[in-house]
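Notes follow the structure.
The values are calculated or read from the model by the stated rules, or taken from the named source; none is laboratory data. Since the model is a prediction, treat every value here as computed from it, not as a measurement. As a convention, Cβ positions derive from the backbone with ideal geometry for all residues, glycine included, and neighbour counts pool all protein chains shown. To get the accessible areas, we keep the full protein, side chains included, count just its heavy atoms, and leave off ligands, DNA and RNA. Shrake-Rupley method; radii C 1.70, N 1.55, O 1.52, S 1.80 Å.
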Amino acid sequence: MSKRFLPSSAEGFSLIEVLVSMSVMLAITAATLSLAVSSRGIYEADEARTQLNQKLRSALDIIATDLRQAGERLPGDFPAIEIVDGGAGVPDRIVVRRALLETVLPLCVDHIGPGAEIFVATAVTPPPGCTPITDGDGDGFPDNMGDWRAQRLAGGGTLRAYIYDPVTRNGEFLDYSDEDAGAYSIHRGDAIPWAHDYRVVNLSRVYILEERSYALSGTTLQLVIDGTPTIFDVVDSINDMQAVVNLQDGSTQDSFGTADLWAELASIEVSLVGVGQHRDAQLVRELSTAVFPRNVLSQ
């Protein structure tokens, strides 16, 4: 008898096994996607924090550079740094000044009223603090006025100057545009009214200097140079700026507007608070730096 060959039949997966396998695969896929989304969220949050930190650090570096140079070529009775305390919950304002020219012009005639001329030398017996006429280089100008004239011409014909009374502590900018060798005066080229009177007895004087003023407008740190209407945006996403003056005796001050304590400075501490956004979460970061104005040592 011949044997009939019956091929063996292989059983397939049952419906339950297929469903279980799909469930396992879906669980693994969901876990992988969740991990990927979570990792992406962590990366984006870290990136947002890093960008916010970079903004804070950049702003602090700019302010710190100016604070270190504050008081360059300025006498000890000139307010090279001003910290204007904004009060509770209000950002402070920081003003930094340095002279661009060693030569300082003394006021030799009281400047009262709207006159555009500022007399900075005299041919008669000079009052205290006023420079007598000397023309060592023979250019027809008193030497101090000659230095200013050379600086003005090198700067394009007009320079920002600053007149200051160390007794009243009043000061203001002016556009220095010309000089008169015969009258020993410099001229104001703009038509802005004078804010104050200036007197010889107070040893008032005129400087060519740079002033940089930092303040917040909304969440933007802004810079004003030499009191001009032009405003520069330094960095955004800044929510607060606070400055503390540390003195050598260990005490601190929230404001600083006179030159009385210049030699007592230990450091200026500036803190910035930045605010960013990552998805629905708000990011808040704060960075601080303490700066020592190096020109304190030269006074």
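Taking R0 as 51 Å, what's the FRET efficiency between T158 and D46 from their Cβ-Cβ distance, rounded to 0.05?
Working: r = 50 Å, r/R0 = 0.97.
Given R0 = 51 Å and the Cβ-Cβ separation, E is 0.55.
Search the structure for amide H atoms under 5 Å from the amide H of N239, placed 1.01 Å from N in the peptide plane, and list their residues when 5 or more places away or on another chain.
Under 5 Å from the amide H of N239: V273, G274, V275.
Rounded if a/c is under 1.5, else prolate if a/b beats b/c, else oblate: with a ≥ b ≥ c from the C-alpha gyration tensor eigenvalues square-rooted, which is region 210-286?
Cα axes put region 210-286 in the oblate bin.
Quick one: compute the contact order of the chain, relative version, from alpha carbon pairs under 8 angstrom and 6+ residues apart, as a percent.
Details: 570 pairs, mean separation 62.9, N = 299.
The normalised contact order for the chain reaches 21 percent.
Per-residue accessible area for T289 at 1.4 Å probe radius, Å² rounded to 10?
Roll a 1.4 Å probe over it and T289 shows about 30 Å².
How far apart, in nm, are two points set 7 Å out from the Cα along the Cα-to-Cβ line at L19 and at V275?
5.4 nm
Ignoring GluC sites (Glu not before Pro) that are buried or in helix or strand per DSSP, and keeping those with at most 16 other beta carbon atoms within 10 Å, what is the longest stretch of the chain between them?
By the stated rule (loop sites, at most 16 other Cβ atoms within 10 Å), 103-299.
If you take the square roots of the eigenvalues of the alpha-carbon gyration tensor of region 164-297 and sort them as a ≥ b ≥ c, do you get rounded (a/c under 1.5), prolate (a/b over b/c) or oblate?
Judged from the Cα gyration tensor, region 164-297 comes out oblate (a/c at least 1.5, b/c at or above a/b).
Report, by chain and number, residues whose modeled amide H sits under 5 Å from the one on E172, excluding near sequence neighbours (fewer than 5 apart, same chain).
Residues meeting the criterion, in which the H sits 1.01 Å from N, are I163.
Read phi for every residue in region 185-201 and hand back ³J(HN,Hα) as whole Hz from Karplus 6.51 cos²θ - 1.76 cosθ + 1.60, θ = phi - 60°, with x for Gly and Pro.
Values per residue, Gly and Pro as x: 9, 10, 10, 8, x, 9, 9, 6, x, 5, 8, 9, 8, 10, 10, 5, 4 Hz.
With each label point set 7 Å from Cα along the Cα-Cβ vector, what nm distance links E172 and N239?
4.0 nm
Angle between the Cα long axis of helix 15-69 and the longest principal axis of the chain, 0 to 90 degrees, nearest 10?
10 degrees
With θ taken as phi - 60° and the coefficients 6.51, -1.76 and 1.60, list the Karplus ³J(HN,Hα) couplings across region 226-231 in order, rounded to whole Hz; mark glycine and proline as x.
Each residue of region 226-231 in turn: 6, x, 7, x, 6, 10 Hz.
Keeping every protein chain present and rolling a 1.4 Å probe, give me the accessible area per residue for the chain in Å².
Value for the chain: 55 Å² per residue.
Rounded to the nearest 500, what is the 222 nm mean residue ellipticity of the chain from helices alone, with -39500 (n - 2.57) per DSSP H run of 4+ residues and division by all residues?
Computed mean residue ellipticity for the chain: -8000 deg cm²/dmol.
Specify whether the C-alpha gyration tensor of region 101-189 places it in the rounded, prolate or oblate class, a ≥ b ≥ c being the square roots of the eigenvalues: rounded for a/c under 1.5, otherwise prolate if a/b is larger than b/c and oblate if not. Mind dumping the intermediate values first?
On the way: a/c = 1.62, a/b = 1.09, b/c = 1.49.
Oblate.
Take the solvent-accessible surface of the protein heavy atoms, probe 1.4 Å, and return the percent of it on region 101-232 that carbon and sulfur atoms account for. All intermediate terms of the calculation are to be shown ahead of the outcome.
Values: 3290 of 6030 Å².
Solvent-exposed carbon and sulfur of region 101-232 make up 54 percent of the total.
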